[in-house]
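The structure appears right after this line, and notes come after that.
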Amino acid sequence: MKKMFLLFGALCMLVSSCSVSKVAREKRNLLSGTWILEDVSYENNTGNFSSTLFNDAQDICFEGSNWFFRDNNSTGRYTIAPSSLCNGGDRFIRWSVVDRAENYTSQLQFKFIDEKLKDISGGLGYRLNIASLSESEMTLKSNNNVDGEPVTIVYKFTKK
């Protein structure tokens, strides 16, 4: 009986440690659906910037891109329109919302997958701070360094 109680207690601790927090669950529900990336901008530094985002395409290629998040299986995609500067098409992702304890900022994290939902990035991925999130608008930020100086990339989305 004592062993059963200990086993049950250990199982409960394991399940509760792997569960998603209420805040992360609420943000996942808000994220679910289709978003348009309206603007990519830079803050915390001066000058003109251009960058390759997510080791994929130039920042200008992402403006107007469609992002789809499916919350029931944590998959999605973003679609870039083809142009002379941009290799258009769908990029498939697996995503989640992570609560960061140190500054109470939630993050959207994602990694690339193929059409069969297999990891194609070797486990590497990206994390973006969720600066704001509502039913119609979302702002994500990522902190980077350019020549040793901090630069924050700001992604502004509207829900479709």
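Structure notes:
- Per the Cα gyration tensor, region 20-159 maps to an equivalent ellipsoid with semi-axes of 22, 20, 15 Å, ordered largest to smallest.
- Model label sites at residue 87 and residue 131, defined 7 Å from Cα along the beta-carbon direction, differ in position by 2.9 nm.
- Pair residue 117, residue 79: separation of 7 Å Cα→Cβ label points (nm): 2.1 nm
- In order along region 80-85, phi translates into HN-Hα couplings of 9, 6, x, 7, 5, 9 Hz, rounded to whole numbers, per the Karplus curve 6.51 cos²θ - 1.76 cosθ + 1.60 with θ = phi - 60° and x for Gly and Pro.
Rule-based calculations on the coordinates, nothing more; no lab input. Note that the structure is a prediction, hence the values are computed from the model and not measured. Quick reminder, even Gly has a Cβ in these numbers, built from the backbone with ideal geometry, and neighbours come from all protein chains shown.
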